[in-house]
Ligand code: GLN
């Protein structure tokens, strides 16, 4: 059955005419039909559009043309990525009725590569939080145990891949929103180097941190999707010109002689012992494969969470100012413009988004700017320096992705601090702009998936993917 094939195998079969994109698509749509009522990975399934694309791909193959590296592969998109003619909600009421007039660059690249866009996935409203419970449309559930959260904010995308609804999905990662749900759902999730992937058409949360990246079942499929979406885009001034490395070709090169550091600061307090144990096993596996493994230190990383919760809300308060009842989506009528904006934003935004806007506005206000936002930026510089020093000694670093396995729905909704702590291991590399990947590495004491994080210096995706592939092959 094609749902057991990797994306690469599926595309290869479609390109060779061994099976049709149309018939394999039906298997995936069938799985969504059967189980998404319970999982709720999708805000919308664009079955007709996907069927039309699949038919066009099969025709192209029949006519002797090559539809591209993702020919006939179903892909799910986080619902903060703009899709021409298909509502983009950010799982918020404030965007009600808004239909983008253009595709995000990553979406155009997927289409050019022959992928089938099967729908838009649920997220924490505007990608803020880490459990996908903060969605205006209700929570997504973890396919491994539907009483548990899938993580977030890209929980719908992670769940889609984990449930076998799509071999691939895209998410966005501002403080861990690809890697943390990947870990909790037992799939691969990767945040590229800042600037590696165009963010044109991604609804901005915190612009100095946001990156789009892949979810997949295997490291090789994540590499394939990364190669399709990465690379300079004139429509995003922050996208970088460096050529995209052919990471998939290097995956089987192994780790012989590589220097691997286990980040001490991310292995201590707050990390569940069963999660830490898996990271130790992963480091031993790399040692057995010929890497030189030692303890590493990134001292300022312990301040990452504090700096992030000033910088990200500050940027969010500015980015979300555009949702004013005039330009997009919802408008709640009132006697004058000011009251209309207040009523629209009061009704349209959920509690967590309001909390971030207030925190950010406060941190940026006259008199507090230097003490909060300015100070957080200095801490960010320290984190960048400490990572740079660590990468003088090590090729890659290792840590847990998330401090725990998937927690029960409702466990952390009343306690924002507990929710924020989820991202203690993922946030540092958003602040530094470096790439990082989460690889499934066995299970915790509760039988739920654990993710190990491989961190690499900026533009170090090639070595990062190699280490990830070695880990994947070693997992027992
Ligand atoms: N959980 C983090 C937050 O709430 C990260 C979110 C993200 O990466 N989009 O900000």
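Side notes on the structure shown:
- Selected residue (only one of 156, 176, 186, 213 is modelled with pLDDT of 95 or more, within 14 Å of the ligand (Cβ to nearest atom), touching a strand residue (DSSP E or B) at 6+ places or on another chain (Cβ under 6 Å) and within 20 Å of residue 465 (Cα to Cα)): 213
- Taking each residue of segment 426-443 that is under 11 Å from residue 457 (Cβ atoms) and looking for partners that are assigned to a strand (DSSP E or B) with beta-carbon atoms closer than 6 Å, six or more apart or interchain, yields 429/436; 429/455; 436/191; 436/453; 436/455.
- The lone exception for residue 149 - which of (1) more than 13 Å from the chain's Cα centre (by Cα); (2) more than 15 Å from the ligand (Cβ to nearest atom); (3) more than 25 Å from residue 462 (Cβ to Cβ) it fails: (2)
- Search result, residues across segment 170-215 that are under 9 Å from the mean Cα position of the chain (by Cα) and part of a strand (DSSP E or B): 170, 171, 172, 173, 189, 190, 191, 211, 212, 213, 214, 215
- Long-range neighbours under 7 Å by Cβ, at least six apart or interchain, first residue closer than 11 Å to residue 359 by Cβ within segment 303-314, second within 12 Å of the ligand (Cβ to nearest atom) and part of a helix (DSSP H, G or I): 309/420; 313/356; 313/359; 313/360; 314/360
- Among the residues listed as 398, 471, the single one being crowded, with 20+ Cβ neighbours inside 10 Å, touching a helix residue (DSSP H, G or I) at 6+ places or on another chain (Cβ under 6 Å) and assigned to a helix (DSSP H, G or I): 471
- Evaluating residue 426 against the criteria (1) under 20 Å from the mean Cα position of the chain (by Cα); (2) within 12 Å of the ligand (Cβ to nearest atom); (3) more than 19 Å from residue 209 (Cα to Cα) leaves one unmet condition, (3).
- When 241, 245 are screened for being within 13 Å of residue 435 (Cβ to Cβ) and either modelled with pLDDT under 95 or more than 13 Å from the ligand (Cβ to nearest atom) (or both), only 245 passes.
- Unique residue being part of a helix (DSSP H, G or I), away from the ligand (no atom under 16 Å from the Cβ), farther than 16 Å from residue 468 by Cα and touching a residue at least 12 places away in the same chain (Cβ under 8 Å) when the list is 279, 275: 275
- Failed condition for residue 224, given (1) closer than 25 Å to residue 84 by Cβ; (2) free of Cβ contacts under 8 Å to residues at least 60 places away in the same chain; (3) in contact with a helix residue (DSSP H, G or I) (Cβ under 6 Å, 6 or more places away or on another chain); (4) more than 16 Å from the ligand (Cβ to nearest atom): (2)
- Considering the conditions (1) within 15 Å of the ligand (Cβ to nearest atom); (2) in a helix (DSSP H, G or I); (3) under 17 Å from the mean Cα position of the chain (by Cα), residue 406 is excluded by exactly one of them, (2).
- Residues that are in a strand (DSSP E or B) and either in contact with a helix residue (DSSP H, G or I) (Cβ under 6 Å, 6 or more places away or on another chain) or touching a residue at least 12 places away in the same chain (Cβ under 8 Å) (or both) do not occur anywhere in segment 122-141.
- Residue in segment 420-434 that is closer than 14 Å to residue 152 by Cα and surrounded by fewer than 24 Cβ atoms within 10 Å (Cβ to Cβ) present: yes
- Residue count for segment 247-274 under the criterion of being more than 14 Å from residue 401 (Cα to Cα) and surrounded by 11 or more Cβ atoms within 10 Å (Cβ to Cβ): the result is 13.
The values are calculated or read from the model by the stated rules, or taken from the named source; none is laboratory data. Keep in mind that what you see is a predicted model, and the values were worked out from it rather than measured. Note that we place each Cβ from the backbone using ideal geometry, even for glycine, and neighbour counts take in every protein chain shown.
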